[in-house]
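As structure tokens, the structure follows; a few thoughts come after it.
Coordinate-derived values only; no laboratory data. Keep in mind that this is a model prediction, so the values were computed, not measured. Cβ atoms come from the backbone with ideal geometry, glycine included; neighbour counts cover every protein chain shown.
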């Protein structure tokens, strides 16, 4: 039970930063060079995109594990795609991909990005990235949790 009552208790609960920190320290290889990731949402419920955004927040300290979210694809090493491939986003995906420097990697985050998920048969989507290219790097889930995304990114570095 909280020490204070009413609004003060609620305020203390929300300000208690330790409640929002990662439960355990992640172990594994930390990249020598920071990997810059650009995130592109291409359609769907945005659940995976929200989980990636949560991962980029202070609770998980993404940069502590050798990753940095960037807002310009010119700075990106990896492109993280979330959501089913909507017809209206195909040109945007191609433009972002062509803007990125050499040595880039494409990573599908979530079932919709991989194969279209529940939106795969919709008239508004082409399905997942598998309809456009061979998806070699993926993080499955609907949606994957921030821990699963972080572990997936770290596994990609290690392999």
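Points worth noting:
- Extension gain from residue 92 to residue 105, taking 0.36 nm per residue of separation minus the Cα-Cα distance: 3.0 nm
- Measuring nothing but how far apart in sequence close Cα pairs (under 8 Å, 6+ apart) lie, relative to its length, segment 30-158 scores a relative contact order of 27 percent.
- Projecting label points 7 angstrom from Cα along Cα→Cβ for residue 157 and residue 137 puts them 1.2 nm apart.
- Euclidean distance of C-alpha centroids, segment 136-159 and segment 88-113, integer Å: 16 Å
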